[in-house]
1. For the chain, take the convex hull of the Cα atoms, compute a quarter of its surface area, and give me that in nm², please.
2. Please work out how much length the chain gains when fully extended from T196 to E295, using 0.36 nm per residue of separation minus the C-alpha to C-alpha distance, in nm with one decimal.
3. Have a look at the range 1-149 and give its Rg and Dmax from the Cα atoms, expressed in angstrom.
4. Rank these residues by their accessible area, most exposed first, probe 1.4 Å: I206, I32.
5. Find which of A56, A72, G37 sits farthest along the positive direction of the dipole of the chain, computed with +1 on the beta-carbon of Lys and Arg, -1 on that of Asp and Glu, about the Cα centre.
6. Using a Förster radius of 30 Å, what is the FRET efficiency between E213 and V165 based on their Cβ-Cβ separation? Nearest 0.05, please.
7. What dipole magnitude, in Debye to the nearest 20, does the chain give about its Cα centre under +1 on Lys/Arg Cβ and -1 on Asp/Glu Cβ?
8. Take the range 82-128, compute every pairwise Cα distance, and split them into 5 Å bins from 0; I just need the percent in each bin.
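The values are calculated or read from the model by the stated rules, or taken from the named source; none is laboratory data. Computed from a prediction, not measured in an experiment: that's the story for all the values here. Cβ: placed from backbone, ideal geometry, glycine included. Neighbour counts: every protein chain shown. To get the accessible areas, we keep the full protein, side chains included, count just its heavy atoms, and leave off ligands, DNA and RNA. Shrake-Rupley method; radii C 1.70, N 1.55, O 1.52, S 1.80 Å.
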Amino acid sequence: MNYVLQTEALTKTYNKTNVVDKVSLTVRPGDIYGFVGKNGAGKTTFIRTVLGLTKADGGSFRFFDGQDLAAARKRTGSLIEGPSLYKNMTAKENIEMYAAMLGADKRRSQELLKTVGLADTGKKRVVNFSLGMKQRLGIAMALVGEPDFLILDEPINGLDPKGIVEMRELLLTLHRQGKTIFISSHILGELEKVATRYGIIANGHIVEEITAEELQKICIARTVIKTNDPPKAADIVKRFLQTQAVTIENDMVMVACPIENIGALTNALFSENIIVSALSNDDNSAERYFIRRMEEE
């Protein structure tokens with residue numbers, strides 16, 4: 001299988017504005033695909049369009065290498081803008097109700113509750129659940145039809161730190177169980193801990209698709225050195241650190257690693273008549289990279 005979801009120039013228009021504007025992306029089997037964008041970037045509209053909750057105005061999308069759409073959607077579970085729950089029912093009753101609507105096996109309800117960490121909720125009604133518990137129950141309901149592919153829209157939005165950790169662990173568990181996951185979020189630091197690939201969207205456009213490995217190579221911590229003679233300083237730094245990972249950018253010497261013994265390096269430069277006027281660590285985090293790319297549109 002080459003893809004679980006593929007879109008080509010997918011477009012959705014509201015009030016003459018392309019909220020989703022010619023979006024082409026590919027989710028591959030085994031991905032945790034992080035769909036990254038600011039609030040209002042078009043993430044939820046994109047998800048609603050591929051799930052058939054709103055009609056596309058242009059372009060196309062396909063699931064599972066072009067499988068019949070009705071069959072493909074039976075293999076897809078989703079959680080969009082928070083779960084729709086019966087608040088006066090228990091978690092188990094909610095799952096059984098949803099399973100009956102889908103014609104799925106209600107007997108899996110306790111197994112699903114165990115999967116999402118809600119096995120001990122018993123007769124506790126959903127109205128008394130925390131937000132994190134409700135989100136996990138929503139994912140349990142998305143799993144009712146035993147899907148191969150999960151589409152989750154902002155599942156960590158609004159959660160407290162404990163809820164965020166629990167959600168992260170749940171997503172990683174589902175991934176280990178063989179699920180392909182598409183997760184939209186604007187909480188970049190947390191998404192970085194789970195995603196294997198990313199699609200960055202800004203103002204309805206896809207800015208970039210990038211793997212976690214590619215992102216890691218780009219976002220190596222760097223040391224920035226400002227001197228009176230950058231070329232000579234760069235040569236000295238290479239010899240001192242025994243590395244070629246030294247470049248000159250905007251008259252700054254850039255070292256592709258943090259420097260442990262800054263004092264010794266400064267002394268080595270000074271002994272060669274190099275004056276260091278500034279030395280600092282460059283904030284080259286993934287979060288900064290995402291923000292920069294989102295603001296390019």
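1. Values: hull surface 77.3 nm².
Computing the convex hull of the Cα atoms and averaging its projections yields 19.3 nm².
2. Extra length from T196 to E295 when fully extended: 33.4 nm.
3. Reported Rg and Dmax, both Å: 17.0, 50.
4. Final ranking, largest accessible area leading: I206, I32.
5. In the chain, that residue is A72.
6. About 0.80, to the nearest 0.05.
7. 1240
8. Per 5 Å bin, starting at zero, the Cα-Cα P(r) for the range 82-128 comes out as 5, 24, 30, 30, 10, 1 percent.
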